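Only one structure is covered here, and it is reproduced in the block below.
Throughout, read-outs are computed from the coordinates displayed, never taken from laboratory work. All figures in this text were calculated on a predicted structure; none of them were measured in a lab. So basically every Cβ, Gly included, is an ideal-geometry build from the backbone, and we count neighbours across all protein chains shown.
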Amino acid sequence: MTTPIASTAQPQARASSTPPGLLDAQAVRREVGTILHAFVARKTAAARRQGLPVDAPQAVGEFLAAGGKRIRPLLCVLGWHAARDSDSGSPATAVRAGAALEMFHTFCMIHDDVMDHSDTRRGQPTVHRTLAARHRSDRTPAAADSLGTGAAILAGDLALIWSDELLTGRETGLSTAQRERLRPLIDVMRSEVMYGQYLDLLATGRPTADVEQALAVARYKTAKYTIERPLHIGAALAGADEQYLEQLSAFALPLGEAFQLRDDLLGVFGSPTDTGKPVLDDLREGKPTALIALALQRADVGQARLLRTLYGSPHLDEGGAAPLRAVIEATGADRAVETMIRDRYEQALSALQDAHLPRGVEDELKRLAKQAVWRTS
């Protein structure tokens, strides 16, 4: 039997304020970083002892050390606090699950950079470029690039395997009930990301005025595994039922879409210093975004021709990017996306208010939502 989010079935999670120390975002980030650093160090040392190459585990470790918002671990811990009661155990399990989610995100980003042929991520060379550079002294440039791509795919695979080990391995201390609640959520999250990436591949380089298609890609590629599933996983660890998870989704999905819509704007108008990657990357890739779909809907014949010619051109330079941005602004597509972001942000906040979460959890989710939607990186 399910219980609604505002019922009295979990009175401690509804009625009391969560101690602020348990929601210290910086402390969560530090603990997640410590877990990940120690885990990768053990894996690297084990490979070295066995006489195995350490390039791949070191590359994963370097990627993790380069930073990141750690939004998924934070949401996982907040999901746990949102649903916790006297029988929920320790938040340490949620922190470790958050570390596993960050490792899964690492897998996604390494493979995403390979598929997008990206050169930089977080202000540093992408994993496939880093691994290629390590072998340029003993190979031709083409052979080094090929090796780097293959090695990065394997490094990403390692990160996927390790995310499972972090989440369900012997050190996690999960009960049988917790494992049974988590497994379906993990499985569906992974499948959603893969389908989202596949939809992205199918639509990339083929500009369309179909806003719903762009939003579907955003929903499955980003919104669900960035916001919704981390909250679900944390809440499930604390014993939340299906109805409770649906209530959390009412907050998470519009926020996740707003998060991706902000990414779309930053990919065209952002600063490389803030975003950590060249601003031309997204324009050259020709990703299916609501921004471009809206621009095509509103464009006249000449503007539409320019958009279809320049957007997705692998050789696009700043000379071509400037008129492309000008058309987007002239059609008002950028302002329309800002309105979509604001609408989804307000929808998420309204759902959060209706959920009657503990005050500390609600305040932290509001803070994270504001950061995610109005960020510049």
Task: Estimated FRET transfer efficiency when R0 is 25 angstrom, pair Glu165-Met194 (beta carbons, to 0.05) - done: 0.80
Open item on the list: Run the simple label-point estimate for Thr309 and Arg134 please: 7 Å along Cα→C-beta, distance reported in nm.
Closed with: 4.4
TODO: Could you work out the relative contact order of the chain, using alpha carbon pairs under 8 angstrom and six or more residues apart, expressed as a whole percent?
DONE: 22
Open item on the list: Using 0.36 nm times the number of residues separating Ala46 and Ala142, minus their current alpha carbon distance, what extension gain do you get?
Closed with: 31.4 nm
- [ ] Specify the residue with the greatest mean-square fluctuation among Val95, Val188, Val268, computed from a Gaussian network of the chain linking alpha-carbon atoms under 10 Å apart.
- [x] Val188
- [ ] Label region 266-377 by shape, choosing from rounded, prolate and oblate, from the square roots a ≥ b ≥ c of the eigenvalues of the Cα gyration tensor; if a/c is under 1.5 it is rounded, and otherwise prolate applies when a/b is larger than b/c, oblate when it is not.
- [x] prolate
Task: Zone residues, region 117-144, relative to Ala66, backbone N less than 15 Å from point 7 Å out along Cα-to-Cβ - done: 117-134
- [ ] Starting at the first residue of region 51-61, write each ³J(HN,Hα) from the Karplus equation 6.51 cos²θ - 1.76 cosθ + 1.60 with θ = phi - 60°, in whole Hz, x for Gly and Pro.
- [x] x, 9, x, 9, 3, 5, x, 5, 5, 5, x
- [ ] Could you pull out every one of the lysines with an alpha carbon less than 21 Å from that of Lys277, ignoring same-chain neighbours closer than 8 positions?
- [x] Lys69, Lys221, Lys287
Task: Residue order, fewest to most surrounding Cβ atoms within 10 angstrom, among Ile341, Ile233, Ile161 - done: Ile161, Ile341, Ile233
Task: In nm, spacing of pseudo-spin labels at Met115 and Asp187 (7 Å Cα→C-beta vector) - done: 2.2
Open item on the list: Using Cβ contacts closer than 10 Å as the measure, can you line up Tyr198, Tyr244 from fewest to most?
Closed with: Tyr198, Tyr244
Task: J(HN,Hα) series, region 353-358, from Karplus relation 6.51 cos²θ - 1.76 cosθ + 1.60, nearest Hz, glycine and proline x - done: 5, 5, 6, 6, 7, x
Open item on the list: Through the Karplus equation 6.51 cos²θ - 1.76 cosθ + 1.60, θ set to phi - 60°, convert the phi angles of region 322-332 into ³J(HN,Hα) values in whole Hz; use x for Gly and Pro.
Closed with: 4, x, 5, 5, 4, 5, 4, 6, 5, 7, x
- [ ] Report the convex hull volume per residue for the chain, counting only C-alpha atoms, in Å³.
- [x] 130
Open item on the list: Neighbour counts of other C-beta atoms within 10 Å: give me Tyr195, Tyr345 arranged from fewest to most.
Closed with: Tyr195, Tyr345
Task: Amide H within-cut-off set for Thr120, under 5 Å, with H built and near neighbours excluded - done: Thr126
